[in-house]
Amino acid sequence: YHKLGEHKKALKEAQKGRDLYPDSMEVLNCEIQCLAILGRTREMSQRWNLFKDEKVKASIMVDISRLLEFYGHEGASQELALRALDWYQNQPVPEDETQRINFRYEIARAFFWADKLEEAEKAFSSFALDYPEEIMGQVYLGYIAAQRGERDKAMQMSEEIGKSGLHIRQKSFYRANIACQLGDFEEALEFLKIAQENGNSWLFLWEIYGYV
C-alpha cells in the first residue's frame, strides 16, 4: 500500500498487525511510519513510550524524522530529530568499541537530520577520520557538501563511495542521494537503476530526499 500511495490502507494494515502482535517493536515501527506519512503526529507521539529500549527508540526517531521531512512535515521532523539528539547528548559514550562506533554514527546522524549541518560535519569528519573503514562517514559528508552546493567535495565523496568495498547496490544508492542533492537527476536515476538491478529491494524513494 505504501508503494501505491494508499497510506490510509497501509495504516489500517499496520494497526491490524499491532492487534495481532502488540509486543512487536517492528510492527510498532511500521505503525509509526504510517502515522508520520499521514501527518498524524499527535497519535505518533503517543506511541514512543511503548518502546522499552531507549537506544532503539532514539535511532527510530531519527529515521522517522527523515520520513516526516519528505512528506512535508518539516517542523515535526526537526522537532523529532532534536528530541533524539537531546537523548544522545545526555548519554555517556560507550566503552565497548563496537557500541562506541554506532553511538558516534547515530549522534552525527541526529545532528544532520536536526538540520545542524555544522555540528554534523564536525561529527562525521571526526568519525570518518577515526573509522575510515566505516563508509557512512563519507556518505554523510557527501550529503552535507551536496546540500550546501559544494559540488567538488560532494563529487569527491561520491567517488570515494564508488571505490569502497560496499556492494554495488549500496554504493549506487548512496551516490544517487548525492547526485539528487546536486540536481543531477539523470545521473541519480542511473545510479538507482544500477541499485535496483543488483537487488536493492529495500529502496524507498523517500530516502532520495524527494527529488526522484
Practice item. Within region 149-177, work out how many residues are in contact with a helix residue (DSSP H, G or I) (Cβ under 7 Å, 6 or more places away or on another chain) and either farther than 22 Å from I107 by Cβ or at pLDDT 95 or above (or both). Key: 16
Check your understanding: Which ranges mark the helices (runs of 4 or more DSSP H) fully within region 131-204 that have 2 or more residues being crowded, with 16+ Cβ neighbours inside 10 Å and of a type in the set (S, T, N, Q)?
Key -> 136-148, 168-182
Review point. Which condition breaks for L82 when tested against (1) within 29 Å of A14 (Cβ to Cβ); (2) touching a Gly at 6+ places or on another chain (Cβ under 9 Å); (3) of a type in the set (A, V, I, L, M)?
Key: (2)
Practice item. Give the residue that is farthest from D86 (Cα to Cα), with candidates limited to residues of region 45-62 that are charged (D, E, K, R) and open to solvent by 50 Å² or more (accessible area, probe 1.4 Å). Key: K52
Review point. Pairs, please: C-beta under 6 Å, at least 6 apart or cross-chain, first residue farther than 13 Å from D63 by Cβ and in region 18-40, second of a type in the set (K, R)?
Key: V27/R18; E31/R18
**Study point:** The one condition in (1) over 27 Å from E133 (Cα atoms); (2) open to solvent by less than 60 Å² (accessible area, probe 1.4 Å); (3) out of contact with any Ser or Thr (no Cβ under 7 Å at 6 or more places or on another chain); (4) in a helix (DSSP H, G or I) that R83 fails to fulfil
**Key:** (2)
Exercise for review: Scan region 26-57 residue by residue and report those that are in a helix (DSSP H, G or I) and either among the polar types (S, T, N, Q) or under 20 Å from Y88 (Cα atoms) (or both).
Suggested key: N29, Q33, T41, S45, W48, N49, L50, E54, K55, V56, K57
Revision key, fill the gap. Residues of region 102-130 being surrounded by fewer than 17 Cβ atoms within 10 Å (Cβ to Cβ), more than 22 Å from G75 (Cβ to Cβ) and aliphatic (A, V, I, L, M), in sequence order, are L129
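For (1) crowded, with 19+ Cβ neighbours inside 10 Å; (2) not polar (S, T, N, Q), each residue gets a yes or a no:
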site	(1), (2)
A10	yes, yes
N29	no, no
I37	yes, yes
E43	no, yes
Review point. Condition test on F111, is it among the aromatic types (F, W, Y), within 18 Å of Q147 (Cβ to Cβ), part of a helix (DSSP H, G or I) and touching a residue at least 12 places away in the same chain (Cβ under 8 Å)?
Key: yes
Check your understanding: Could you give every pair whose Cβ atoms fall below 8 Å, whose first residue belongs to region 64-75 and is more than 13 Å from Q33 (Cβ to Cβ), and whose second residue is of a type in the set (G, A, S) and in a loop (DSSP other than H, G, I, E, B), counting only separations of at least 6 or pairs across chains?
Key -> G72/G39
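The values are calculated or read from the model by the stated rules, or taken from the named source; none is laboratory data. Predicted, not measured: the structure shown is a model, and the values here were computed from it. Glycine gets a Cβ as well: all are built from the backbone with ideal geometry, and neighbour counts include every protein chain shown. Ligands, DNA and RNA are excluded from the accessible area calculation, which covers all protein heavy atoms including side chains. Shrake-Rupley method; radii C 1.70, N 1.55, O 1.52, S 1.80 Å.
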